[in-house]
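Chemist: Got a structure here, written out as structure tokens. Questions coming.
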Amino acid sequence: MELKDYQRRTLDAFSLWRTELAKAQAESEKSVSVLEGANLPVPADTRNYPKKAWEALASTGNVAHVSRPYVDRTATAGDPIPHVCFKIPTGGGKTLLGAGAIERLNRTSGLVLWMVPTNAIYQQTKEKLWDRQHPYRDLLERACGGRVKVMEKDDPLTAADVEHRLCIMLISLQSANRQKGQDSLRMNKDSGRYETFFPDSDGLQANDSLRAKYPDLDPQELDSPVLHSLLNVIKMVRPVVILDEAHKAYGKQGTHNDQYARAINRLNPGLVIELSATPSASRSNLLVDVSGADLQNAHMIKLPIQVTSDANVHWHSTMDRAHSKLGELDNDAVSLNHNEGRYVRPIAVVRVQHTGADQRFRNTIHAEDVRDYLTQNLGVPNEHIAVQSATSRELHRVDLLSESTQVRWIITRAALMEGWDCPFAYVLVMLDKTSARLAITQLVGRVMRQPGARRTGRAALDQCYVYCQDTDVNDAVQYVKDGLEQEGMADLYDSVSTSQSTILKSVSVQRREKFAQENIFLPSVLHADSSGSWEELDYHRHILPGISLEAIAPPEIQSSQPDKPKESTALVSFVGDAISAANFTSRDLEVDKRVAIAWYARRISDILPNPFQAGRIAMEMVERLQGQGLDDQAIYEQRDSLAEQLKESVARQMEQQAEELFRSKLARGTISLELVTSDSGRRLCDPYTIMVAENDRRLERYGEEVQLSLFEPVYERQFDSDLERRFAFYLDEQKALRWWHRIAVRQNEEYYLSGWRPQKVWPDFVAMAGQVEGKPSVLVFETKGQHLEGNDDTEYKKRLFEALEGAFNAGKMTIHDGPAKGAFRLVFDRVGFPDAQGAIDRLPAAYKTP
């Protein structure tokens, strides 16, 4: 692959240092030999050839900071450790430069320890180094003529491997630290895997010679042969150490946390190459200092970063802004693809407060709350959303850069803070104010990488965006700047801008005077508990336990026989000026085609909470297929289709049971609709505040403000679409209505309904008909564009509203000793809004205002 200028400059500086190091080492060894031959003491500086090499480079200005003194490192055996650091900002290709440095060593054999500080970075690095098609692996193969062996610490290693192959061993930083538990203990454990590195246990003379040559080897016990451990092998081999994220090993400057530095010295490395975005100059020898401007000039990152922050607004508003921006970016990306054939799929990363299945609390923002809002309110297809957390790894094995991948929204809390970079990520949405500083600083680097390391030439697609909920914009900008500094790009501070072009002020919204003393009754879905008291219906407590998981059967499979997976290759070359292709090969892909029941069970674990029942259903499906004559290979080859059919069938059966249970409880009175006025969490906020700009317009028609809204003033910004504004005007003209209210910002979860699905249903409008002798009629409306008619979410809400309306109007609802009526309607965007008009026309005549 073609290196960027700063990458080539980094590796050239490394080669120059290696040349100077070899020269200084040769001179040191010659001087030591002369002094020892004359029985004279050898000064420490004479042996310290790494320092001499560094000072020689510094004198010619060929190190990053010539004024910094050289930092000495010594192995426990007493040998000096040559060590240099590449300061590379996040997104600058640290792994690539680590592999490139190995290539520049010109070694065809030996051991390289590739050390990483966290499991996330471990897995990311493993995927790249193990992939024979990846450019990083290609560099390693070129370094040793194809004789590379990539391994983990528990893989077998022989002396012949180290002698004849370039062995790259990936290990965690904790493994090297004797103070850090089981990983370290395993490296120190006596093992038969490494016998070829040691003399026989009864070879006393050979073992004495070994201990004399390597005095720091760990013995089994005093005066006994040394441990046949991986750690002792490493000490004898003197490996090259690639230390990724070195600042995590050494700690921040001034903390004096040197345990990992001592642990690495204990490995007796022959050379240490540190890779870090924010190294400490007091602990590392900075050979190269790559700046954020270097990355910007090389088209590696998207800049500027535009920060948008609204204070004192509901998180839905923040999501609305981000959704609108992502739509604009997607339009630009489609145009780019059509005009230039370059594929980009902009992605938004949303940071929430909680992701765990048991952490969905009131007044906090959960991953599933965001998923629900995206799908139900913003019309985002569910397949465009993925939750990545410790318990929900929906990005596992997903290639986000593939054109067949549909993911456009990634919801997370902390799972993507390190070890993850996706160049299609453009928008960062912060919904967790309590952790805003930490989260922004750790996540901002996740949206900065430029797709293909090449600018698009379109301003919107050559920058990235941060949206913060309920955070002061100045604070948000500072957090982003802190993030740039943490990612090694402090020089790019000036690239952070804000999009807060208007000043927002707080406006108190009050009930209209004529409704000030009126009780407002809202229909709430309640469930009777064992004592006969009523509580809010909760799917997980009142519906899910009543679903018979034992009754769920595997689907009737629509079996197909897809083509067998094959691998085809060809060599493409030039013959003269013409391109030729030859050596076509084709073979069946060698994969493990055994049936894995657990794999199918995991596909339905998110909707079916019992793993035993999930396993039982998956097993029955496989047995049914086997009974039809399909062998393991045939089942494997259609596994994706089978998993999709399985999940759809289980979800359909569970929802069918849930709906039947809900309707049954509704008929028996176990579930009831009550007109609640006392519950502060379910009544309309009164009064409440909204944020408006100086130039925000009040909702007017023909020059007059609306008259029947329950609250005033009413601003246009409280409506998400032209459809909602037009429906507000429609309601304002209805003489049958006493008042209407737009539930726009959903302050404190202002009003919602519950049904047989886990997701809440948020109506857009509530209204009340005119009263006679204090007897009201309540109307609940949700507006829908015609393009949403017939989809799954719409059909669910339609059935739920019909069930609730039937129960509400069954004659059991009373207020002030009189009957109450109601309507629950989906209102589609049609001329005259016939769905709403039908509900209003059917109101009792006595309730209508003349």
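The values are calculated or read from the model by the stated rules, or taken from the named source; none is laboratory data. Every value quoted in this text rests on a predicted model; they were computed, and no experiment measured them. Glycine also receives a Cβ, built like all others from the backbone with ideal geometry; neighbour counts cover every protein chain displayed. The protein model used for the area step is the full one, side chains on, heavy atoms only, and it has no ligands, DNA or RNA in it. Shrake-Rupley method; radii C 1.70, N 1.55, O 1.52, S 1.80 Å.
Chemist: What figure in square angstrom, to the nearest 10, would you give for the accessible area of H396 with a 1.4 Å probe?
Modeler: 90
Chemist: Which entries of K23/K126; K647/K798; K149/K647; K126/K213; K505/K797 show an alpha-carbon separation above 32 angstrom in the structure shown? Please report the intermediate quantities before stating the final value.
Modeler: Numbers: K23/K126 35 Å; K647/K798 24 Å; K149/K647 41 Å; K126/K213 34 Å; K505/K797 36 Å.
Over 32 Å apart, Cα to Cα: K23/K126; K149/K647; K126/K213; K505/K797.
Chemist: If you take every residue apart from E655 with its C-beta less than 13 Å away from the C-beta of E655, what net charge results, scoring Lys and Arg +1 and Asp and Glu -1?
Modeler: Numbers: positive: K647, R652, R663, R757, R799; negative: E648, E659, E660, D792, D793, E795.
Net of charged neighbours comes to -1.
Chemist: What net charge is computed for the residues neighbouring F824, neighbours being all others with C-beta under 14 Å from the C-beta of F824, Lys and Arg scored +1, Asp and Glu -1?
Modeler: With Lys, Arg at +1 and Asp, Glu at -1, the neighbours total +2.
Chemist: Continuing with this model, one more query. Which of T76, G93, V63 sits farthest toward the positive end of the charge dipole of the stretch 57-112, with +1 on the Cβ of Lys and Arg and -1 on the Cβ of Asp and Glu?
Modeler: Of T76, G93, V63, it is G93.
Chemist: What translational diffusion coefficient, to the nearest whole µm²/s, does the stretch 85-199 have by Stokes-Einstein, given a Kirkwood radius computed over alpha-carbon pairs, a temperature of 4 °C and 1.567 mPa s viscosity?
Modeler: Numbers: Rh = 15.1 Å.
Stokes-Einstein gives a translational diffusion coefficient of 86 µm²/s.
Chemist: Enumerate the calculated ³J(HN,Hα) couplings along the stretch 663-671 in order (Karplus 6.51 cos²θ - 1.76 cosθ + 1.60, θ = phi - 60°), each rounded to whole Hz, writing x wherever the residue is Gly or Pro.
Modeler: 5, 5, 5, 5, 5, 7, x, 5, 9
Chemist: Please work out how much length the chain gains when fully extended from E518 to A459, using 0.36 nm per residue of separation minus the C-alpha to C-alpha distance, in nm with one decimal. Mind dumping the intermediate values first?
Modeler: On the way: separation 59, 0.36 × 59 = 21.24 nm, distance 5.34 nm.
That works out to 15.9 nm of additional length.
Chemist: Now a separate question. Given axes a ≥ b ≥ c from the Cα gyration tensor, I'd like to know whether the stretch 345-403 is rounded (a/c under 1.5), prolate (a/b larger than b/c) or oblate.
Modeler: On the way: a/c = 2.38, a/b = 1.39, b/c = 1.72.
Oblate is the answer for the stretch 345-403, as a/c is 1.5 or above yet b/c matches or exceeds a/b.
Chemist: So for M654, M619, what's the accessible-area order with a 1.4 Å probe, most first? Walk me through the numbers on the way to the answer.
Modeler: Numbers: M654 10, M619 80 Å².
Order by accessible area, largest first: M619, M654.
Chemist: How much net charge surrounds T456 when only the other residues with a Cβ under 12 Å from the Cβ of T456 are counted, with Lys and Arg +1 and Asp and Glu -1?
Modeler: Details: positive: K302, R342, R454, R455, R458; negative: D332, E340, D462.
Summing Lys and Arg as +1 and Asp and Glu as -1 gives +2.
Chemist: Sorted by accessible area (1.4 Å probe), largest first, how do T670, T689 line up? Let's see the in-between values first.
Modeler: Working: T670 35, T689 70 Å².
Of T670, T689, the descending order of accessible area is T689, T670.
Chemist: With N residues in the stretch 130-176, what two-decimal value do you get for its Cα radius of gyration over 2.2 N^0.38 Å? Before the final figure, lay out each step's value.
Modeler: Numbers: Rg = 11.4 Å, N = 47, 2.2 N^0.38 = 9.5 Å.
The value comes to 1.20.
Chemist: Then there's this: To the nearest 10 square angstrom, what accessible area does T90 show with a 1.4 Å probe?
Modeler: Number for this one is 20 Å².
Chemist: Once ligands and nucleic acids are excluded and a 1.4 Å probe is used, how much of T118 is accessible, expressed in Å² to the nearest 10?
Modeler: T118 exposes around 30 Å² with every protein chain in place.
Chemist: For the pairs K128/K153; K94/K248; K51/K235, flag any whose C-alpha to C-alpha distance is greater than 19 Å.
Modeler: Details: K128/K153 17 Å; K94/K248 15 Å; K51/K235 22 Å.
Beyond 19 Å between Cα atoms: K51/K235.
Chemist: Rounded to the nearest percent, how much of the accessible area of the stretch 277-426 (1.4 Å probe, protein heavy atoms only) is carbon and sulfur? Don't skip to the answer; put the middle values down first.
Modeler: Working: 2540 of 5880 Å².
Looking at the stretch 277-426 in its full context, I get 43 percent from C and S.
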